[in-house]
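Please read through the structure below; I'll follow up with questions.
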Amino acid sequence: MQRGYDSSPQIEVGGSVAPHGPDAERSQQAEIGVITDKNNLRRLWTGLLAVVGNPSAPAGGVTGGLDLDLPQLSEELALESILKKSPAIKIAQAGLARSKASVTLAGVESDLE
């Protein structure tokens with residue numbers, strides 16, 4: 001009986017021979033898959049926390065359902081709230097008031113001449 005010779009390199013890692021060939025490639029792909037899944041979980045969790053408005057919550061389980069006890073949304077109330085609280089609207093209103101004051105001042109100055 002003749003023995004074959006393994007010509008693949010034997011890499012020692014931590015006192016044992018590291019896997020090589022197809023097994024090593026599968027092992028590396030599995031490790032990359034685990035890292036990718038952890039990154040995806042972290043990304044999704046961060047997105048969820050941003051949506052619920054609590055970015056400092058620790059990672060953990062989530063309970064409940066998406067179709068239970070949903071609040072009723074009113075487009076009219078949402079639009080009204082946005083228009084009342086919007087910084088852009090407040091800036092525009094201040095600009096309008098400033099323009100009206102300038103027109104009034106210009107009218108008063110022309111009456112004085």
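Taking Rh as the Kirkwood radius, which is the inverse of the mean 1/r over Cα pairs, what is the Rg/Rh value for segment 74-113?
1.34
Another question, if that's okay. What nm distance separates the two modelled labels at Gln93 and Val52, each placed 7 Å from Cα along Cα→Cβ?
My value for the distance between the label points is 3.5 nm.
Sticking with this one: Find the Cα radius of gyration of segment 14-113, compare it with 2.2 N^0.38 Å by division, and give the number to two decimals.
Here the Cα radius of gyration is 2.38 times the empirical estimate.
Quick one: length gained pulling Leu44 to Asp111 fully straight, 0.36 nm per residue minus the C-alpha distance?
On the way: separation 67, 0.36 × 67 = 24.12 nm, distance 6.58 nm.
In short, 17.5 nm is gained.
Only the coordinates and a few stated rules stand behind these numbers; no lab work does. Remember, it's a predicted structure, so these values are computed and weren't measured experimentally. Note: ideal-geometry Cβ built from the backbone for every residue, glycine included; neighbour counts use all protein chains shown.
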